[in-house]
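Here is the structure we will look at, set down as structure tokens.
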Amino acid sequence: MAKKKWSEMSPIQRAVIIAAGSVQLSLAATAWADLATRPRDEVNGSKRRWAAIIAVNFIGPLSYFRWGRRTSA
């Protein structure tokens, strides 16, 4: 598959890329904010490690929300 330049993309393709980027940034920002304010004893593993994992597209923030936080149950 050949790479397309931004100017060669249809308006729908541009909108999808912008929407996906917005979702990714929102997930990452929310996960980093949660990690920064959460006490160390409520995080599974190292906070530094989770901060790096969150940077991985989509998978990182979702992994943090699923496995990185301890629940008080």
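How many of the residues making up the stretch 35-73 are of a type outside the set (A, V, I, L, M) and touching a Phe, Trp or Tyr at 6+ places or on another chain (Cβ under 8 Å)?
Count: 4.
Those residues that are modelled with pLDDT of 95 or more, basic (Lys, Arg) and farther than 18 Å from Arg69 by Cα, I need them from the stretch 1-55; list them, please.
Residue satisfying the conditions is Arg14 alone.
The values are calculated or read from the model by the stated rules, or taken from the named source; none is laboratory data. Computed from a predicted structure; not experimentally measured. All Cβ positions, even for glycine, are placed from backbone atoms using ideal geometry, and neighbour counts span all protein chains on display.
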